[in-house]
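Undergrad: Dropping a structure here in structure tokens format, bear with me for questions.
The values are calculated or read from the model by the stated rules, or taken from the named source; none is laboratory data. What you see is a predicted model, and the numbers here were worked out from it, not measured in a lab. All Cβ positions, glycine included, derive from the backbone under ideal geometry; neighbour counts span all protein chains shown. The protein model used for the area step is the full one, side chains on, heavy atoms only, and it has no ligands, DNA or RNA in it. Shrake-Rupley method; radii C 1.70, N 1.55, O 1.52, S 1.80 Å.
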Amino acid sequence: MGDLDPLDNEAVEALREGFRGTVLRPGESGYEEARTIWNAMIDQEPAVIARCEGAADVISAVKFAREHDLLVSVKGGGHNVAGNAVCDDGIVIDCSPMNSVRVDPDAKTALVGPGATLAEFDHEAQTFGLATPVGYNSTTGIAGLTLGGGFGWLSRKYGLTADNLLSVDVVTADGDLVHASENENEDLFWGIRGGGGNFGIVTSFEFRLHEVGPEVLSGLLVYPFEDASETLHAYREFVSDVSDDVTVWAVLRHAPPLPFLPEEWHGKKVLILAAFYAGDIDEGEEALQPLRAIGEPIVDVISPHTYVGWQQAFDGLLEPGARNYWKSHNFETITDGMIEKFVEYMDRMPTNHSEIAIAQLGGAINEVPTDGTAYPHRDAEFLMNLHTRWEDPELDEECIAWARNLYDEMTQYATGGTYVNFITEEKGEEQLAYRENHDELVQLKSEWDPENLFRVNQNIEPTV
């Protein structure tokens, strides 16, 4: 794999000549900011950062990379925990400036650029009382989220982010711009929805929108840690028979200094149930009443909130600049043994910023066949994300070991699948991410990217 000689500026200047965006080299103004991403564990120094303003820039950058045999990474929001947005010595094709969102309220569709964040998407769509299922942290980029599948508070009712994708424009490894949908380049469109960026660089996403909000019923129930086991058993019973409008996540962590929590609970171990209702607020009050009757919470702050506000409610817990390591499993059910392990490992959680999060899936997500899109995990009812988060590099070994050990202990209960966007490891979990669809994805990769230009990801290796 080649790289650019630091003294060879001629090639870079040639790229700059026809480039509408900005081309950065090490030492130039803006380079350090452009190479810095959400996870502070990632410290890569690319030879070139091409900050693209449109599809033409992306095409130029891809052709430049091929001509100079450069390693390629692609940046959207820069939020991926594995750090796949940047690479050492190669080229970062940075699409973050391409953050336009154009909503058609009559057609209930949106055209979204690959640099847009969830907050930017939600802001535009909610102006018209519309939304599509996206993630739970509004600073996440729409591109990486969608390419991995994407799920959030609306997914049990309306499916994955990728399930609501209508079409894409893609720059291929050859530097061609192609359109893909259910009716055009159908094989590529299938792979885009869950294939994790292996097949090209999406320069435009077209989404289906749904009527949502502007107010939704949502909020938290916070319980003392000593009640965690009993509460998790009751949670399991509640979610076993709820409508697709209901989504409830369980989170074990140290209580953040939230304004509605009594100060004496700040920093103490708690169990949080985060609840959301996707339909009529009065109907939601009735549907969530049995959940709110569980135990004796420290606080119950379930009430009407703006959808946009709820989408941003947890941003403060996921700000950039911290070190992050994740391990994730999918489950069909929550067993007594799982609850026991959750409580055991929470009791020795390595930092106050870490958490064990259990997301409720199922519903409309699982109505799509396993082979309906590249995302294969249509059997999962729950997802566990061990989100270890810290600041001191000296804690790296302890924090990573805690997550890996709990992950290993939970393997016996899991489906054998892992959400591709939650993988931190560079290698070794690809089969868990793509499961039954892996062989078909290999064939698709061999057709669309036979030289594996796009490999800074959870890589699908071509056969040719």
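Undergrad: Work out from phi, with θ = phi - 60° and the Karplus expression 6.51 cos²θ - 1.76 cosθ + 1.60, the ³J(HN,Hα) of each residue of region 23-40, listed in order in whole Hz, and give x for Gly and Pro.
TA: These are the phi-based 3J(HN,Hα) values: 10, 10, 10, x, x, 8, 4, x, 5, 4, 5, 6, 8, 8, 10, 4, 7, 5 Hz.
Undergrad: Still on this structure: Run the accessible area of region 293-375 with a 1.4 Å probe and give the carbon-and-sulfur part as a rounded percent. Don't jump to the answer; show the numbers that get you there.
TA: On the way: 1540 of 3210 Å².
That fraction is 48 percent.
Undergrad: What residues qualify as long-range amide H neighbours of Lys268, i.e. H under 5 Å apart, gap of 5 or more or another chain, H built at 1.01 Å from N?
TA: Answer set, sorted by chain and number: Ala255.
Undergrad: Further, regarding this structure: List the residues whose amide H sits under 5 Å from the amide H of Ser167, counting only those 5 or more places along or on another chain, with H placed 1.01 Å from N in the peptide plane.
TA: Glu206
Undergrad: Taking only protein heavy atoms into account and a 1.4 Å probe, give the accessible area per residue of the chain in Å². Intermediate results must be reported in sequence, preceding the final value.
TA: Numbers: 18180 Å² over 464 residues.
Counting only protein heavy atoms, the per-residue value for the chain is 39 Å².
Undergrad: Turning to a different aspect of this structure: Once you put a point 7 Å from the Cα of Ser29 and another 7 Å from the Cα of Gln443, both along the Cβ direction, what distance in nm separates them?
TA: Using points 7 Å along Cα→Cβ, the separation is 5.3 nm.
Undergrad: Here is a follow-up. I'd like the carbon and sulfur percentage of the solvent accessible area for region 12-72, probe radius 1.4 Å, heavy atoms only, ligands and nucleic acids excluded.
TA: Carbon and sulfur together cover 42 percent of it.
Undergrad: Okay, next question. For Asn452 paired with Ala107, estimate the spin-label separation in nm (one decimal), with each label point 7 Å from Cα along the Cα-to-Cβ line.
TA: Result: 3.9 nm between the two label points.
Undergrad: Return the inverse of the average 1/r over all pairs of distinct C-alpha atoms in region 85-141, which is the Kirkwood hydrodynamic radius, in Å to one decimal. Intermediate values should be presented prior to the final figure.
TA: Details: mean 1/r = 0.0806 Å⁻¹.
Taking every pair of different Cα atoms in region 85-141, averaging 1/r and inverting gives 12.4 Å.
Undergrad: If you split all Cα-Cα distances of the chain into 20 Å bins from zero, what percentages do you get per bin, shortest first?
TA: The distribution over the chain is 25, 57, 17, 0, given as percents.
Undergrad: Students often check this: by mean Cβ neighbours within 10 Å, which of 73-85, 89-101, 248-260, 388-400 ranks highest, and how do the rest follow?
TA: Answer by packing, highest mean first, reads 73-85, 89-101, 248-260, 388-400.
Undergrad: Working from Cα positions, state the angle (0 to 90°, nearest 10) between the long axis of helix 438-448 and the longest principal axis of the chain.
TA: 30
Undergrad: Going down the list Lys63/Lys427; Lys108/Lys157; Lys157/Lys327, which pairs span over 20 Å between their C-alpha atoms? Could the numbers behind the result be given before it?
TA: Details: Lys63/Lys427 27 Å; Lys108/Lys157 17 Å; Lys157/Lys327 26 Å.
Over 20 Å apart, Cα to Cα: Lys63/Lys427; Lys157/Lys327.
Undergrad: Tell me the Rg and the Dmax, in Å, that the Cα atoms of region 59-197 produce.
TA: So, for region 59-197, Rg and Dmax equal 15.2, 47 Å respectively.
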